[in-house]
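These notes are about the structure you will find just below.
The values are calculated or read from the model by the stated rules, or taken from the named source; none is laboratory data. No experiment lies behind these values; they were computed from the predicted model shown. Glycine also receives a Cβ, built like all others from the backbone with ideal geometry; neighbour counts cover every protein chain displayed. The accessibility values were calculated without ligands, DNA or RNA, using every heavy atom of the protein model including side chains. Shrake-Rupley method; radii C 1.70, N 1.55, O 1.52, S 1.80 Å.
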Amino acid sequence: MTIHTKIPISKVYNYTHNTSLYKNFFFLVFIVLIITTFAVLPRLRINIGDESSNFKKITLTNIRNLPEFRLISNSVSLPRNSECTHWDCFNIYKCGRTGHDRIAVYVYPPKKYVDEQGFPATELMSKEYLALLQAVVNSKYYTVNPHEACIFIPSIDTLNQERLRPNLTSKALSSLPFWNNGENHLIFNMIAGNAPDFSSVVDLTTGKALIAGADFNRYSFRTNFDISIPLFNPIAQMVEKNHHRRSWLVTCSQLNVDVNYLGVLHKLSLRYSDSLLILDACHRHNYTKRCRENSNEIVNYPAILQNSTFCLVFRGERIGQFALLEALAANCIPVIVMDGAVLPFSNVIDWKRAAVFIMENYLHTLMDVLTKISPQRIKQMQQTGRFLYDSYFSSIEKIALTTLDIIQDRVYPHWSKIYDDWNLRPEEKNTNPLFLPLTAPKSHGFTAVILTYDRIDSLYTLIDRLSRVPSLMKVIVVWNNQKKNPPPLSSFPQIQKPVKVIKTSANKLSNRFYPYNEIETEAILHIDDDIVMLTADEVEFGFEVWREFPDRIVGFPSRTHRWDNVTNSWKYESEWTNEISMVLTGAAFLHKYWSFLYTTAMPANIRELVDEHMNCEDIAMNFLVANVTNKPPIKVTPRKKFKCPECVNNEMLSADEGHMIERSQCVDRFVKAFGRMPLKSVEFRADPVLFKDPFPEKLKRFNDIGSL
């Protein structure tokens, strides 16, 4: 039956005609938009160019002939807000306008601020503040455009309050064009307060401004807002970096020490005259000379600090003291006797790594505390102190940039430095190139890479054993025999996991470490075809341990090395001892990164030696990993014997009588190739928590852990 259409042809035609009209209309609108855009863009470009050209980088050369700015008598700012935090006084929305994750810092052009009578608000800019501003202008944070700035720094020298007229200086600050009650402004100050009160914060009406000050105590310091900086003293730079014999245990060289502290020190000096050195000023106006108390002996300062292991730092009229940086410069461990002081950059620096803290009321315990510190701890603190001084305190420029780095980390915490970045010396850092989480994910599993030549029966047995390991994802057989083809996959054990056979072009031991594309997991179990005694529980437990230490070699057969005083060479040892320094890759878990590094970055002469002698590839891998991470390997389970029950002795590479001698020679050659001995010895082995505990097996996870 034919069904007639309900839509007349004329209506269909009209619909089509209307559609074409709509298309023409929208096409015309599109053309108009394009013409308008091209007409407006050149004008936008001109305007933008004109606006950006108005901003130029400031010059800080001619500070003696600055343009004058006359302050109006009624211009005043609000007092310092003592309750400010980063979340309510800092406008985070001013940041990020430059299109990158970095704060932009604007420095006001320098001017000479004077009152109506022509009296200046401050004295001539000090060379320290000039150097500070110059460091900011030359830094990666500087911007010439105040409209994209996140931080504003006045060109008004506020470092020393004694050189300020507080009322006029406060008016000068409030007259700044972007002041806005100090919001997002940064004020640097190293000497705060005046006699007799000596306030711990600069006496200016700074409103919401951040204060980078050197005199903070725990009551005046606004945590996570203000920044504590050191009291910089160029005298500290006079200390030469020499390794002096530390003939004194502790030295007190600070001037104007409270008489109560001096009384305690004099009593201690009666008992410890050979360990405690007390110095005082020889000449009132000569800071670089000191005299021993009750003696006319004159010594050079601060060079004398290099003769002491510890240097005392007390509070004076102000909390900030030159003695702190002078001690660090002399590699003398500071002994801080200042209750409630906020040490420089203490929000990022762990001062307990570099200084000793003694409460003021317990100064009499000074010698008891210091004599109990071990030589190893003293050496570590000296190294840390030197690192802190060189990194953050050795110049006014570094102080300024460290301050900005701290603000940068607050504004962009996702890019911030971690504890190690601020506090650890380069040689102390965990140089893990993998950037892995603390625990690798279990779900990814591991790939078993089996190096074989012609032992078919033991290969099949090994594959069958590995198939029972829950975390196995794939088996890759590296067939190293070019004279004989591998058996067909149909003859391999039928397991639930994929098996891939890779034929190599040459019989090389290094083939086991090649980063094959077929390896899709991060964890690789490198295993020889004759290691058939490992149980499924042992292999699974080894993988669990590797997940906790993904940058290490984690495995079963272990060895160690030692120095032979008879032959003056390194020796490879296979005896059972309490120490191990190598885990052999005949049965070990490694991250696939190490296969890539072995293939691309291992010195060519080492790979050639391994392939030529068909030996020592496992030692080479241990050298490579230890050289990068500075960490020892990890042995798992108590198994010590790794024999192939189906193999004849003459088939085993290690059966050769010269095997041990050759491997000792490998260790010696690798040390020369790497330029050092990177292997680390450790007395550590990983066993399951309930291993050999008298608990029912149903409570244990790994029951089939083999015994000796």
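Listed values, structure above:
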{"item": "Cα gyration tensor, the range 220-268 - rounded (a/c under 1.5), prolate or oblate", "result": "oblate"}
{"item": "Cα gyration tensor category, rounded, prolate or oblate, for the range 238-351 with a/c compared to 1.5", "result": "rounded"}
{"item": "Environment charge at residue 138 (Cβ cut-off 11 Å; Lys +1, Arg +1, Asp -1, Glu -1)", "result": "+1"}
{"item": "The range 75-220, relative contact order [Cα under 8 Å, separation at least 6], %", "result": "30"}
{"item": "Approximate spin-label separation residue 97-residue 673, in nm, with each point projected 7 Å along Cα-to-Cβ", "result": "5.8"}
{"item": "Placed amide H near residue 112: partners under 5 Å, 5+ positions off or other chain", "result": "68, 69"}
{"item": "Calculated [θ] (222 nm, deg cm²/dmol) that DSSP helices of n ≥ 4 give over the chain, each run adding -39,500 (n - 2.57)", "result": "-9000 deg cm²/dmol"}
{"item": "Pair residue 138, residue 390: separation of 7 Å Cα→Cβ label points (nm)", "result": "2.0"}
{"item": "0 to 90° range, to nearest 10: angle between helix 659-674 axis and the chain longest Cα axis", "result": "30"}
{"item": "Bridge type composition, the chain - antiparallel percent by DSSP, nearest 5", "result": "30"}
{"item": "Nitroxide proxy distance, nm - points 7 Å out along Cα→Cβ at residue 260 and residue 292", "result": "3.0"}
{"item": "Sum of side-chain charges, residue 201 neighbourhood, beta-carbon under 13 Å (Lys, Arg +1; Asp, Glu -1)", "result": "0"}
{"item": "Trypsin sites (Lys or Arg not before Pro) within the range 352-413: DSSP coil, no more than 14 neighbouring Cβ in 10 Å", "result": "372"}
{"item": "0 to 90° range, to nearest 10: angle between helix 127-137 axis and the chain longest Cα axis", "result": "50"}
{"item": "C-alpha center-to-center spacing [the range 117-147, the range 359-383] in angstrom", "result": "41"}
{"item": "Accessible surface, 1.4 Å probe, highest first, among residues 57, 429", "result": "57, 429"}
{"item": "Estimated FRET transfer efficiency (residue 197, residue 64; beta-carbon r; R0 35 Å; 0.05)", "result": "0.55"}
{"item": "Highest-first arrangement of 483-491, 673-681, where packing means the average Cβ count within 10 Å", "result": "673-681, 483-491"}
{"item": "Cα-based reach from residue 112 at 13 Å (exclusive), listing aspartates and glutamates while leaving out same-chain residues under 8 positions away", "result": "68, 123, 157"}
{"item": "Potential extension, residue 454-residue 568 segment - 0.36 nm per residue separation minus Cα distance", "result": "37.1 nm"}
{"item": "Neighbour count of at most 15 Cβ within 10 Å plus DSSP loop: longest GluC sites (Glu not before Pro)-free window in the chain", "result": "318-517"}
{"item": "Mean separation of Cα contacts under 8 Å (6+ apart) over length of the chain, as relative contact order %", "result": "8"}
{"item": "Cross-link pairs beyond the 24 Å C-alpha cut-off, checked among 592/692; 94/208; 57/398; 140/171", "result": "592/692; 140/171"}
{"item": "Degrees, to the nearest 10: 259-271 long Cα axis against longest axis of the chain", "result": "50"}
